[in-house]
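First the structure, in the form of structure tokens, and then the observations on it.
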Amino acid sequence: MADRTIFDYLNAIFYKKYITYNRKSCSSYLLSLWLSHDNQLIDIVNTINEFQFLLPDCKIYEYYYHKIPQGRRYLKWVKKEEVDKKKKEKLDEMRAEFMLSKKEMEIYKTFGLTNIKKNDNVKKDVKNASSIFL
């Protein structure tokens with residue numbers, strides 16, 4: 001008998017064809033993570049979530065088996081967001097100007113800080129050491 005995967009256990013839950021649970025094949029935490037991506041099942045997963053590390057994995061699997069309604073489930077595939085060419089060029093220029101890494105630029109984009117403007121007055125032409133303090 002081949003080793004079971006998470007998909008075997010998910011199919012058993014969805015189609016109500018009981019199979020014996022083996023913790024080594026798939027942990028209940030992994031099942032919970034997978035099931036939490038379905039909006040219809042989020043309440044069921046949240047109910048058992050607080051007991052996730054207190055109950056044995058086989059009990060959590062049985063809970064899901066009996067609580068989740070029978071039926072085929074599909075997870076929505078999330079597509080990468082399209083960025084128009086002008087916006088991408090603007091972000092690349094800004095990243096080069098401020099000498100940011102790609103990771104740092106992603107942080108700025110997530111917080112909506114793409115309107116950062118460089119203060120030209122900060123950097124002065126230094127001719128001698130005394131002009132630094134003026």
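Some values worked out for this structure:
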read-out	value
Search result, residues across region 79-99 that are surrounded by fewer than 10 Cβ atoms within 10 Å (Cβ to Cβ), among the aliphatic types (A, V, I, L, M) and either modelled with pLDDT under 75 or in contact with a helix residue (DSSP H, G or I) (Cβ under 6 Å, 6 or more places away or on another chain) (or both)	none
Index of the failed condition, residue 38 passing every other in (1) out of contact with any helix residue (DSSP H, G or I) (no Cβ under 8 Å at 6 or more places or on another chain); (2) modelled with pLDDT under 90; (3) loosely packed, with under 14 Cβ neighbours inside 10 Å	(3)
Lone qualifier among 43, 3, 57 - being among the acidic types (Asp, Glu), surrounded by 15 or more Cβ atoms within 10 Å (Cβ to Cβ) and more than 30 Å from residue 102 (Cβ to Cβ)	57
Flag if residue 68 is in contact (Cβ under 8 Å) with a residue 40 or more places away in the chain, surrounded by 10 or more Cβ atoms within 10 Å (Cβ to Cβ) and over 23 Å from the mean Cα position of the chain (by Cα)	yes
Enumeration of residues in region 16-57 that are more than 14 Å from residue 68 (Cβ to Cβ), assigned to a helix (DSSP H, G or I) and not charged (D, E, K, R)	29, 30, 33, 49
Positions within region 46-74 being within 19 Å of residue 18 (Cα to Cα) and aliphatic (A, V, I, L, M), in sequence order	60, 68
Condition check for residue 19: closer than 22 Å to residue 74 by Cβ and within 24 Å of the chain's Cα centre (by Cα)	no
Residue match in region 7-15 (condition: surrounded by 13 or more Cβ atoms within 10 Å (Cβ to Cβ) and part of a loop (DSSP other than H, G, I, E, B))	no
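The values are calculated or read from the model by the stated rules, or taken from the named source; none is laboratory data. Keep in mind that this is a model prediction, so the values were computed, not measured. A quick note on method: Cβ atoms are made from the backbone with ideal geometry, for glycine too, and the neighbour counts reach across all protein chains shown.
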